[in-house]
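Scroll down for the structure; my scribbles are underneath it.
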Amino acid sequence: MTTTRPAPPAAPEERVPAKPNHQRARRTFGFHLLAGGLSVLWLLPIVLVITTSVRSFSDIASNGLGALPHSFDLSSFGEAWGVGGGGHAMLNSFIVTIPTVLLSLLLASAAAFALSRFQIPFRRTIILVMLSGNLLPPQILLVPVSKLSELLGIYDTLTALIIVQVGFGLGFYTFVLQGFMRSIPDEIQQAALIDGAGPITIFWRIILPMTRPALAALGALAFTWTFNDLLWSITVLRTETVMPVTPALLGLQGQYVSNWNVIAAGSVIAAVPTVAVFLRFQKHFISGLAIGAIK
Amino acid sequence: MAVLAAPVKRRRRAVRRVPPTLLLFVLVPVAVEGFWVFWPALQGFYLSLTNWDGVSAPTFVGLDNYAEMLSDDIFGTAALDTVIWIVLFGGLSAAGGLGLAMLLNRERKGVGFYRAALFTPVVFSLVATALIWQAIYQPDGVFNNVLGAIGLDSWKHSWLADPDTALYAVLVPALWRQLGYVMVLYLAGLKGIDPALYEAAKLDGATGWQQFRHVTWPQLRSVNSVVLSVIIIDSLRSFDVVWSMTKGGPYHSSELLSTYMYSTAFQSLRLGYASALAVVIFVLAFGVIVTYLVRAFREDQ
């Protein structure tokens, strides 16, 4: 769970004899007290939701939601997964998220490749227009998009959700990928051209593999964003059985009003895939989030 | 001369004749985005000038929807709440994120754990976040229990059901989730500062505050503008957390423009008026988008 690189030896500081040892020790203690306290405070809600999810309903009802647990009961997970529809919603989420991530990255990297490696006319304008589409507040699109999907007969289907998600994300992914691809030296492409490779070969065999770090970062981000989405789902979907995890979680809340153990179990289940992606791609995930700052 | 000119000419022609497959590489994504983003956006502007229930044909009413906002109390509340939200959510997450980044910037024992702890909520969906905090805010939840334990029994109440506290009660989980993200942005920015600048400042006898004021802050300028854009766009978009905790209630006390727009469109089925509300959100975001794009454009050169 950590992002530390091995700490560099603090040699230069140790050579400065200005501060007495006990003062430095006190300062280190203060740092750990502050940072540790904040961390505990930050993790507390997560610990709380996990402990609530393993309490029994009668324990919560008789001792109160905020009391220490007096029971250990995993049945809430079965309830949230089965009767509450969590399992089905999870399947829907994967049916939406995986194609969305693959399609967005494929289309965005194709556009980024052409725009960054060739003299396409107006390329800078195209990139910025695409990016501006992603910066639009989605509210302006909600009504027209839901009507458009009705018109095309895909309203209330996962297909509609996939297409909308791909369309809305493309601008940002293209922008980031073209920035990354532009830093790849031109000689590599020239050499391939001389060897007689066509643009598709160069794209697929050379540039795309070299873009892997950026693709991993964006893939992890896109997975989390799509998986956690609420707004687009409740805009183009209506039937409960096609709802992905996030809107289903809201439904669960309506269904199990005061069964906090089931609601908590649902929240834990809903978080598992994104936490797994985060743990697996941690380095890329964080560098992806930081892309905006470094650019 | 002719010999010299030949390669130049050939190169220019190669440049101009982009292979047709490459045009497809660009055209397909642009068409997808155009059809699902830009075309609907244009329709959104048009619909804001109509009355529409979503079933019969929209009727053109000019600027009536915008005129209606002036006398719409809920719009007033939502607009005010949105401003409060931008200032508090934006201001606190920027200041807090910078503070956390400064605190956890130096590589030392345990710092990786602290960063990860503060960063973890970013991974959760806002809906899950909202549900976690809803449980905390319950009348018999942890928050009230803690207040009771430290002798503040009179402060106990149902935070989300009280119009005076609902908006701020929703703000806390939003901040809980956003702070770690802003911290990552600032950590990346701090990493990019040349340590030699601090060495020089120390040699000149600069205090910690002076180092921050004259080295750190100016060096973070570009990160600040990114953080600012991200935060304002995020605040205007903020929907999930409010919708899952209060749906804008009680009595619209935690209503944001985004939640009001959604309920007007999909619950009241007043699609024309909702589109006009969306245009207001767009106009507010537009300034930020333009500033952001101008920056991206400049750095692109």
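Read-outs throughout are calculated quantities, based only on the coordinates presented, and are distinct from any laboratory measurement. Since the structure is predicted, the reported quantities are computational estimates derived from the model, not experimental observations. Cβ: placed from backbone, ideal geometry, glycine included. Neighbour counts: every protein chain shown.
Exposed loop positions in chain B were taken to be trypsin sites (Lys or Arg not before Pro) whose DSSP state is not H, G, I, E or B and which have at most 13 other beta-carbon atoms within 10 angstrom. Between these positions, the longest stretch is B:110-301. In this structure the amide hydrogen of B:Thr50, modeled in the peptide plane, comes within under 5 Å of the amide hydrogens of B:Val61, none closer than 5 places in sequence on its chain.
Relative to the current alpha-carbon distance between B:Glu107 and B:Thr165, full extension at 0.36 nm per residue lengthens the span by 16.9 nm.
Shown is the FRET efficiency for A:Leu34 and B:Tyr251, computed with R0 = 35 Å from the Cβ-Cβ distance and rounded to the nearest 0.05: 0.30. Given the protein assembly as shown, what count of lysine pairs have C-alpha atoms under 30 Å apart, with each pair 8 or more places apart or on different chains? Here the count comes out as 14.
Counting 0.36 nm for each residue step from B:Val28 to B:Trp209 and taking away their Cα separation leaves a gain of 59.9 nm.
Placing a label point 7 Å from the Cα of B:Ile84 along the Cα-to-Cβ direction, the residues of the stretch B:151-172 with a backbone N closer than 15 Å are B:159-172. Note that the stretch A:211-226 has calculated 3J(HN,Hα) couplings of 8, 3, x, 5, 5, 5, 4, 5, x, 5, 5, 4, 4, 4, 4, 5 Hz, one per residue in order, obtained from phi through the Karplus relation 6.51 cos²θ - 1.76 cosθ + 1.60 (θ = phi - 60°); glycine and proline are x.
When you filter the chymotrypsin sites (Phe, Trp or Tyr not before Pro) in the stretch A:117-196 for DSSP loop state and at most 11 other Cβ atoms inside 10 Å of their Cβ, you are left with A:Phe122. Rounded, prolate or oblate: which one fits the stretch A:117-204, using the alpha carbon gyration tensor with axes a ≥ b ≥ c (rounded when a/c is under 1.5, else prolate when a/b beats b/c, else oblate)? Cα axes put the stretch A:117-204 in the prolate bin. Computed 3J(HN,Hα) for the stretch A:58-67, one whole-Hz value per residue from the Karplus formula 6.51 cos²θ - 1.76 cosθ + 1.60 where θ = phi - 60°, is 5, 4, 5, 5, 8, 9, x, 5, x, 7, glycine and proline marked x. Each of B:Leu152 and A:Glu187 was given a label point 7 Å from its Cα along the Cα-to-Cβ line. The distance between the two points is 6.5 nm.
How big is the gap, in Å, between the Cα center of the stretch B:55-90 and the Cα center of the stretch A:22-44? Each part reduced to its Cα centre gives a spacing of 46 Å.
Full extension of the chain segment joining A:Ile98 with A:Ser75 gains 5.3 nm, where the gain is 0.36 nm per residue of separation less the Cα-Cα distance. For an R0 of 45 angstrom, estimate the FRET efficiency from the Cβ-Cβ distance between A:Thr51 and A:Leu106 and round to the nearest 0.05. My answer for the efficiency is 0.60. Here the label points at B:Phe286 and B:Ser268, each 7 Å from Cα along the C-beta direction, are separated by 2.3 nm in the simple model.
Take each residue in A:63-75, count the other chain C-beta atoms within 10 Å of its C-beta, and the mean is 3.
Derived scalar couplings between HN and Hα for the stretch A:145-151 equal 5, 5, 5, 4, 6, 5, 4 Hz in order, rounded to whole Hz, by the Karplus curve 6.51 cos²θ - 1.76 cosθ + 1.60 (θ = phi - 60°), x for Gly and Pro.
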